[in-house]
Amino acid sequence: MTAKTPVNIILLGPPGAGKGTQAARLVEERNMVQLSTGDMLRAAKDSGTEMGNRVAEVMARGELVTDEIVIGLIEEQLTTVNADGFIFDGFPRTLAQADALGELLEKTGQSLDAVIEMQVNDEVLVSRILNRAAEAVAAGGTARADDNEESLKLRLMEYYKKTSPLIGYYHAKGKLQSIDGLGQIDEVAVSIGDIVAKATEA
Ligand code: ADP
């Protein structure tokens, strides 16, 4: 097998856009590694560490945790994990995080190949997330603490205030590719797969 050039991508989009679902497909199909700061923070919370306890409340409200914490989590992964490419899922979420990621990638000799913006309208986001919560409960589990109407409102506001400026930021850097996130999971996966395949060839 010839060594493939690792392709590193960011999945950018509001809560409920389907970033985690699509990241899981890329992990399965392309052997990439998903770096989800949301998953890392939930794991920290479950481990009951001091940091975990501190962030749990912030997350439940739907606010962003501090840049320092999430940048630290990503740095740890980038410097220790070897992959056929990283999928950044839910990171960066602020301009400071985007700058930090650029510096970390440069420091570790890695590239950022594409930023894929998944476009989904608010109505669909809200219904997807409230459905996800209802399904978790129906299956006998518990919904995520932030998958309720009140926290979701704040999560969307955080996205528009702090994360959506990254669309312009990456556009200016020539990295942005926007796709329609409203289609079936398989259709969205094809759009993302095409972008990743092109980046691999480049
Ligand atoms: P979603 O995209 O559905 O909102 P995530 O699992 O990506 O879900 O994130 C859940 C929560 O974790 C966020 O609302 C926020 O509190 C916290 N979080 C995750 N990633 C970051 C990040 N990069 N910066 C700040 N907070 C984050």
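The values are calculated or read from the model by the stated rules, or taken from the named source; none is laboratory data. In this text, all values refer to a predicted model and were calculated from it rather than measured experimentally. Glycine gets a Cβ as well: all are built from the backbone with ideal geometry, and neighbour counts include every protein chain shown. The area values use the complete protein model at the heavy-atom level, side chains included, leaving out ligands, DNA and RNA. Shrake-Rupley method; radii C 1.70, N 1.55, O 1.52, S 1.80 Å.
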task: Among the residues of the range 91-109, write down those that are open to solvent by 10 Å² or more (accessible area, probe 1.4 Å) and not in a helix (DSSP H, G or I).
output: 93, 94, 108, 109
field: Hits in the range 50-83 (condition: farther than 18 Å from residue 102 by Cβ, open to solvent by 80 Å² or more (accessible area, probe 1.4 Å) and within 11 Å of the ligand (Cβ to nearest atom))
entry: 57, 61
- prompt: Mind checking whether some residue in the range 110-126 is of a type in the set (Val, Ile, Thr), within 12 Å of the ligand (Cβ to nearest atom) and either open to solvent by 40 Å² or more (accessible area, probe 1.4 Å) or at positive phi (or both)?
  reply: yes
- prompt: Within the set of pairs 6 or more residues apart or between chains, which connect a residue that is within 16 Å of the ligand (Cβ to nearest atom) and open to solvent by less than 10 Å² (accessible area, probe 1.4 Å) inside the range 24-38 to a residue that is among the polar types (S, T, N, Q) and not in a strand (DSSP E or B) with Cβ atoms less than 6 Å apart?
  reply: 35/77
